[in-house]
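Here is the structure we will look at.
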Amino acid sequence: MARLDGKVALISGGARGMGESEARLFAQEGAAVVIGDILDTEGEAVATSINDAGGRCLYVHLDVRDEGEWQAAVAEAVSRFGSLDVLVNNAGIGSSPFPIHEEPVDLWDRTIDVNLKGVFLGTRSAIPAMLDAGGGSIINISSQLGIVGVPYSGAAYQTAKGGVRIFTKAAALQYAPRGIRVNSVHPGPIETDMTRAGRNDPERLEMMLSRIPMGRYGEPEEVANAVLYLASDEASFVTGSEVVVDGGWTAQ
Ligand code: NAD
């Protein structure tokens, strides 16, 4: 028996990076997967490739800042696959490291809207369907920078990710009696498009590697494996927890 047999999962930001990796792994483990993203061409291609490999996957356009699009994505998951059991709030954007007194207010708002309000809207939209299904699992992708701060990454990003961490605990406590588990995952630096520019800058790369005790960036699959565990019934007594996948960053 596969680890997610019978489950239906919705993954935001699933068109590439860690979200894509989670979508592929979930499908291999028996889940029906709905990918929501704003990168329609890439998202459709991921869904086609999962279906061609024998999985079940559907792409929907979803801007996580839009409550109506969230509700449509949840409705599509339920109508196409019968229920919604797992939500991965994975979509996110980085932010330029302006000093706080120079940070453009619209950049602050955009960063918070995608990375924090998007998690609230996704959770808010998914919970009624999960209550209908008798329970569920919500996994919120935060960051190591939701636990510790650094001066060389945007304050808005770190604020949003810290907010995701405590939002997760508030939601876990509200819905623990009703069978919905809510956990956060805290990746460290991972090899995705989000970190490509930094990895291509030798000075930045060296600085980052010097801060990662394991001395390397993580692979998207190394995060997806933690997300898979939290999505599965193997984590049936795990809620409100923060799973760190950061090569040792926050242990320092
Ligand atoms: P990525 O840029 O490869 O993927 C992010 C995905 O989110 C993209 O497909 C993008 O189109 C989508 N997205 C962006 N804005 C969106 C919106 N408004 N609505 C819907 N989708 C949207 O990045 P990634 O590294 O795979 O990041 C995944 C998550 O992990 C993010 O939340 C990120 O903050 C977090 N994270 C990344 C790292 C890292 O080092 N890469 C570290 C810690 C946490």
Residue 81 accessible area, 1.4 Å probe, all protein chains in place, Å² to nearest 10: 50
Accessible-area value, residue 5, 1.4 Å probe, nucleic acids and ligands omitted, Å²: 70
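Could you size up the charge dipole of the chain around its Cα centre, putting +1 on the beta carbon of Lys and Arg and -1 on that of Asp and Glu, and report it in debye to the nearest 20?
680
For residue 75 and residue 233, compute 0.36 nm times the residue count separating them, minus their Cα-Cα distance, and round to one decimal in nm. Intermediate values should be presented prior to the final figure.
Details: separation 158, 0.36 × 158 = 56.88 nm, distance 2.35 nm.
Taking residue 75 through residue 233 to full extension adds about 54.5 nm, to one decimal.
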Accessible area per residue, 1.4 Å probe, Å², for the chain: what's the number? 45
Euclidean distance of C-alpha centroids, the range 178-252 and the range 29-59, integer Å: 23
Based on the alpha-carbon gyration tensor of the range 82-185 and its eigenvalue square roots a ≥ b ≥ c, which shape applies: rounded if a/c is under 1.5, prolate if not and a/b is larger than b/c, or oblate? prolate
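Give, rounded to the nearest 20 debye, the magnitude of the charge dipole that the range 98-176 has about its Cα centre when Lys and Arg contribute +1 at Cβ and Asp and Glu contribute -1 at Cβ.
Details: 6 positive and 6 negative charges, 63 e Å.
In total the dipole reaches around 300 debye.
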Nearest-ten-degree value, helix 202-211 long axis tilted from longest Cα axis of the chain: 70
Ignoring ligands, DNA and RNA, how do 93, 212 rank by accessible area with a 1.4 Å probe, largest first? 93, 212
Inter-label distance, nm, simple model (7 Å from Cα along the C-beta direction), residue 176/residue 98: 4.0
Taking the chain, the equivalent ellipsoid from its C-alpha gyration tensor has semi-axes in Å, biggest first, of 28, 19, 18
Top positive-direction residue, dipole computed over the chain with Cβ charges, set 48, 232, 21: 232
Apply the Karplus parameterisation 6.51 cos²θ - 1.76 cosθ + 1.60, with θ equal to phi minus 60°, to every residue of the range 64-78 and state each ³J(HN,Hα) to the nearest whole Hz, in sequence, with x for glycine and proline. 5, 7, 10, 4, x, 5, 4, 5, 5, 5, 5, 4, 5, 4, 5
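Run the numbers for residue 44 and residue 117: contour at 0.36 nm per residue of separation, minus the present Cα-Cα distance, in nm. Let's see the in-between values first.
Numbers: separation 73, 0.36 × 73 = 26.28 nm, distance 2.50 nm.
Result: 23.8 nm gained on full extension.
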Non-local residues with an amide H under 5 Å from the amide H of residue 59, with H modelled 1.01 Å from N and Pro and chain starts lacking one, are 35
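Pull out the extension gain between residue 132 and residue 219, defined as 0.36 nm times the separation in residues minus the alpha carbon to alpha carbon distance; nm, one decimal. Walk me through the intermediate numbers first.
Values: separation 87, 0.36 × 87 = 31.32 nm, distance 3.52 nm.
Using 0.36 nm per residue and subtracting the Cα-Cα distance, I get 27.8 nm.
Say R0 is 25 Å: what FRET efficiency, to the nearest 0.05, do residue 207 and residue 106 get from their beta-carbon distance? Walk me through the numbers on the way to the answer.
On the way: r = 28 Å, r/R0 = 1.14.
Once the sixth-power term is evaluated, E becomes 0.30.
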For the chain, the accessible surface attributable to carbon and sulfur atoms (probe 1.4 angstrom, ligands and nucleic acids excluded) amounts in percent to 53
Charge sum, other residues only, whose C-beta stays under 9 Å from residue 61's C-beta, Lys/Arg counted +1 and Asp/Glu -1: -4
Here the residues of the range 207-232 lying in the modelled label zone of residue 53, meaning backbone nitrogen under 17 Å from a point 7 Å along Cα-to-Cβ, are 219-229
Scan around residue 181 for amide H atoms under 5 Å from its own, H built in the peptide plane at 1.01 Å from N, and keep only partners 5 or more places away or cross-chain. 136, 137, 138
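The values are calculated or read from the model by the stated rules, or taken from the named source; none is laboratory data. If you're wondering where the values come from, they're calculated on a predicted model, not measured in any experiment. Don't worry about glycine lacking a Cβ; one is built from the backbone with ideal geometry, like all the others, and counts go over all protein chains shown. These accessible areas exclude ligands, DNA and RNA; they are computed on the full protein's heavy atoms, side chains included. Shrake-Rupley method; radii C 1.70, N 1.55, O 1.52, S 1.80 Å.
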